[in-house]
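Just below is one structure, and these are the notes that go with it.
The values are calculated or read from the model by the stated rules, or taken from the named source; none is laboratory data. The structure presented is a predicted model; accordingly, all values stated were derived computationally and were not measured. Here Cβ is always computed from backbone atoms with ideal geometry, including for glycine, and neighbour counts include all displayed protein chains. Surface accessibility is based on the protein's heavy atoms, side chains included, excluding ligands, DNA and RNA. Shrake-Rupley method; radii C 1.70, N 1.55, O 1.52, S 1.80 Å.
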Amino acid sequence: MILQALTERYETLAEEGRLPRAGWSDTAISFALYINDAGGLEDVVSLKQPQTRGKKEVLAPRALSLPAPVKRSSGVASNFLWDNSSYLLGLDDKGKPARSLECFAACRALHHALLDPVDSPAARAVLAFFDHWDPAAARRHPALAGRLEEVLGAANLIFRREGGFPHEDPLIRQAWQARYNSSDDGPEMVCLVTGKKEPAQKVHPAIKGVAGAQPSGAALISFNGEAFCSYGHEQSLNAPVGKYAAFAYTTALNALLADREHLGRIGDATVLFWAQNGKNAYQDFFRMSLFDPPASASPAEAQASLFDAPASYSAADLQKMLLDLCQGRSVVFDDTRLDPDATFYILGLSPNAARLSVRFFLKNSFGRFLQNIQAHNERLRIAKPSYDRFETLSVWRMLNETVNQNARDKSPVPGLAGEVLQAVLDDTRYPATLLNGVTLRIRAEREITRGRAAILKAYYLKNPHPKEVPKEVLTVSLNPESTNIPYTLGRLFSVYEAIQADANPGINATIKDKYFNSAASTPASIFPILGNLAQKHLKKMRGSNRGRCIGYEKQLSELAGILGEEFPARMSLPQQGSFQLGYYQQTQARYQKKEEKQDV
């Protein structure tokens with residue numbers, strides 16, 4: 001299913017001229033070797049272009065459509081008409097001159113094999129270069145003066161002559177295409193993608209751009225051990241894919257990974273998404289609906305909305321579009337009509353040594369995915385502090401609530417990102433590891449942030465425990481009518497904390513620091529102690545602030561009426577969730593009242 005979807009995307013974009021045809025690939029080139037008709041090297045010219053990355057403008061290699069690269073591991077194999085300095089010049093900066101000469105010899109042999117029959121000035125110039133170039137004297141060549149260090153790095157080089165790039169010559173292109181089409185490296189097998197019987201590709205092109213994977217590229221399909229092989233099939237023949245399909249799916253996947261504006265990072269997963277019809281507007285709208293603003297956004301833009309769209313759209317406009325799409329109505333966005341019934345794909349990839357792991361692959365209608373995201377955001381909705389300007393809590397921010405921010409590695413538990421995102425997009429139950437992660441952070445830090453409270457609310461709405469966490473406690477803001485005991489105990493703890501803060505301003509160690517976890521798990525042994533402390537604090541306050549003291553006593557009386565005279569000896573994990581929600585919502589209600597008084 002994954003390969004078929006990627007191959008289909010390749011064919012859609014190739015027909016529009018947005019992806020190269022089979023045998024060709026968009027390749028980053030840093031320098032051009034200018035040669036004359038006699039094959040002499042006249043100059044080395046940088047092809048790098050200014051490119052904005054984040055807030056900086058850097059020089060980046062230029063992307064050219066060139067003959068497809070070979071798959072390399074540790075052997076010597078040359079690309080056609082382009083490569084690094086070891087192959088085109090016989091030089092490197094790794095201190096391995098013998099290997100560089102071997103690479104140059106392999107490159108010369110390949111070009112003679114392809115270009116000897118070609119009768120064109122460009123082909124003769126390239127062959128003359130290989131026949132006359134002397135790697136032993138190359139470092140002293142005047143054309144390399146001042147550029148040798150850059151050229152010997154990881155940069156790709158290409159030939160150029162006065163008439164243009166050799167790969168643009170029609171006769172040379174025909175020679176390469178004939179070579180590519182006839183180079184069958186595997187036995188005839190039924191292709192899993194096309195269903196046709198054709199030579200299978202033993203080694204698929206590398207996938208580049210997955211965060212954490214090998215910079216040189218990793219494999220999506222590969223077998224290299226007896227335990228993973230069957231019926232004597234080696235390398236990729238255990239999952240036979242024809243040459244065309246292998247080129248098509250890898251080209252489409254590499255293009256998606258290279259488009260940094262239309263992918264996301266959640267935990268260790270790189271998330272790709274695309275519409276079957278190939279229109280970028282679907283990707284733009286989906287990214288705005290699920291991910292945080294890009295790093296290049298100003299603080300004001302990031303605070304205003306999670307949307308990053310053309311300036312002609314306000315946050316209200318985009319919200320209306322989102323609601324229309326969720327209700328099955330098409331909308332016009334960025335000059336494209338978005339159809340809620342359009343087929344949409346989401347792919348999550350994670351690094352795994354020299355290979356890639358598929359975290360998830362989802363297919364659904366565009367509108368259904370947006371509906372699921374909206375339902376998830378609605379479950380997360382909860383009262384928030386006034387300084388928190390984000391209306392929604394992104395998946396990345398959810399995962400961040402499970403991480404110790406003082407740790408060196410601030411990554412969530414491996415696999416958690418994929419599990420949570422899949423639950424959101426498929427509208428299924430949240431993983432228990434999400435609740436465990438949040439619970440551990442609350443116990444360790446004794447702090448319930450907006451994000452942690454929202455996760456507790458969303459988790460128990462989707463993974464219901466009606467007896468221990470009834471819906472009456474899973475509200476957006478404080479529910480003073482709730483008679484749930486754990487929820488009311490959380491509210492009571494918040495009132496005790498407020499009384500202590502008013503009686504002892506600036507106190508270092510509060511009751512939350514000392515008793516929060518034990519109050520949530522074993523209230524019968526802790527709340528009598530907290531009640532005695534609260535009475536002492538109220539006695540201290542009566543002389544200086546009698547009005548506030550009366551207000552607290554009224555709150556305590558109301559809560560005591562719900563709780564009765566006995567407290568539970570122990571509370572289960574779901575009941576502790578009710579306690580934590582009660583504490584958070586009572587605290588937010590108190591802060592909200594303070595802000596309202598200040599505004600008046």
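See the values below:
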| read-out | value |
| --- | --- |
| Whole-percent carbon and sulfur share, accessible surface of segment 354-500, 1.4 Å | 47 percent |
| Rg/Rh for segment 421-544, where both radii come from Cα atoms and Rh is the Kirkwood radius | 1.03 |
| Assigned charges on the beta-carbon of Lys, Arg, Asp, Glu; segment 26-148 dipole about Cα centre (debye) | 720 debye |
| D_trans [Stokes-Einstein, Kirkwood Rh over alpha-carbon pairs] for segment 150-239, 20 °C, 1.002 mPa s, µm² s⁻¹ | 129 µm²/s |
| For segment 212-286, diffusion coefficient by Stokes-Einstein and Kirkwood Rh (Cα), 37 °C, 0.692 mPa s, µm²/s | 222 µm²/s |
| Full-extension gain in nm, Arg381 to Glu11, via 0.36 nm per residue minus C-alpha separation | 129.0 nm |
| Candidate lysines - alpha carbon under 19 Å from Lys55, same-chain residues fewer than 8 apart omitted | none |
| Shape category assigned to segment 66-189 from the gyration tensor of Cα positions, a/c cut at 1.5 | oblate |
| Three-way shape label, segment 473-558, alpha-carbon gyration tensor, a/c 1.5 | oblate |
| Inter-site label distance for Asn504 and His141 at 7 Å from Cα along Cβ, in nm | 7.9 nm |
| Cα pair count fraction exceeding 16 Å, expressed as % - segment 117-184 | 62 percent |
| Segment 1-83 pair-distance distribution - Cα-Cα, 10 Å bins, rounded % | 14, 28, 36, 18, 3, 0 |
| Cα shape, segment 358-406, gyration tensor, a/c 1.5 rule | oblate |
| Per DSSP, loop trypsin sites (Lys or Arg not before Pro) in segment 71-167 with at most 10 further Cβ within 10 Å | Lys94 |
| Per-selection Kirkwood Rh - the chain (Cα, Å, 1 d.p.) | 28.7 Å |
| Qualifying GluC sites (Glu not before Pro) for segment 1-65 [loop in DSSP, other Cβ within 10 Å: at most 15] | Glu16 |
| Heavy atoms of Leu256: accessible area, 1.4 Å probe, square angstrom to 10 | 10 Å² |
| Cα long-axis angle, helix 450-462 against the chain (0 to 90 degrees, to the nearest 10) | 90 degrees |
| Estimated inter-spin distance, Arg21 and Tyr231, nm [label 7 Å along Cα→Cβ] | 3.4 nm |
| Structure-based [θ]222 nm, the chain - -39500 (n - 2.57) summed over DSSP H runs of at least 4, per residue, nearest 500 | -14000 deg cm²/dmol |
| Dipole moment magnitude, nearest 20 debye, the chain about Cα centre, only Lys, Arg, Asp, Glu C-beta charged | 2400 debye |
| Residues of segment 1-38 with amide N under 14 Å of a point placed 7 Å along Cα→Cβ from Ser65 | 11-27 |
| Probe 1.4 Å, accessible area per residue of the chain, Å² | 48 Å² |
| In degrees, nearest ten, helix 2-15 long axis to first principal axis of the chain (Cα) | 60 degrees |
| Angle between the chain longest axis and helix 416-426 axis [Cα atoms, degrees, rounded to 10] | 80 degrees |
